[in-house]
Amino acid sequence: MVEKDNPLTEAFYYILLALRKPNHGYGIIQEVERWTNGRVVLGAGTLYGALQTMQKRNWIEIYSIDTESRKKKEYIITEAGKEAFNAEKQRLEELLKNAELMEEAEND
């Protein structure tokens, strides 16, 4: 993964997480809002801009297109997307581990 791709924005992180199974735009918005208890609400512009960027990076791909429903597209994460997600997850875990180590050191 290229260094400029890390860290992921919170929106990118949650979108990739939501695309572990096929999902469409509105489904992604609903899942992210539910997971974050309403703290993160993806607007349509943010979501579809992120989806375009992720497609260009080959992190996601179109899974299916429903031609009867306004060409609603379902997306799914790719192997490259999983790598980007896992790199971010490891980065976040390191941040938390280091914070915990500092708190432990302060309490000793």
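The values are calculated or read from the model by the stated rules, or taken from the named source; none is laboratory data. For clarity, every value in this text was computed on a predicted model and none was experimentally measured. Cβ: placed from backbone, ideal geometry, glycine included. Neighbour counts: every protein chain shown. In case anyone asks, the SASA skips ligands and DNA or RNA and just uses the protein heavy atoms, side chains included. Shrake-Rupley method; radii C 1.70, N 1.55, O 1.52, S 1.80 Å.
For the reader, a short list of remarks on this structure follows.
- Selection over segment 37-46 of residues that are among the hydrophobic types (A, V, I, L, M, F, W, C) and outside any loop (DSSP other than H, G, I, E, B) gives a count of 1.
- Some residue of segment 27-42 being open to solvent by 40 Å² or more (accessible area, probe 1.4 Å), at positive phi and at pLDDT below 95: no
- Of all residue pairs spaced 6 or more apart or on separate chains, those with beta-carbon atoms under 7 Å, a first member in segment 26-47 that is over 16 Å from Thr9 (Cα atoms) and a second member that is of a type in the set (Gly, Ala, Ser) and at pLDDT 95 or above are Glu31/Ala18.
- Candidate set: segment 47-74, residues that are part of a helix (DSSP H, G or I) and of a type in the set (A, V, I, L, M); chosen: the one nearest to Glu88 (Cα to Cα): Met54
- Selection count, segment 78-96, where residues are in a helix (DSSP H, G or I) and among the β-branched types (Val, Ile, Thr): 0
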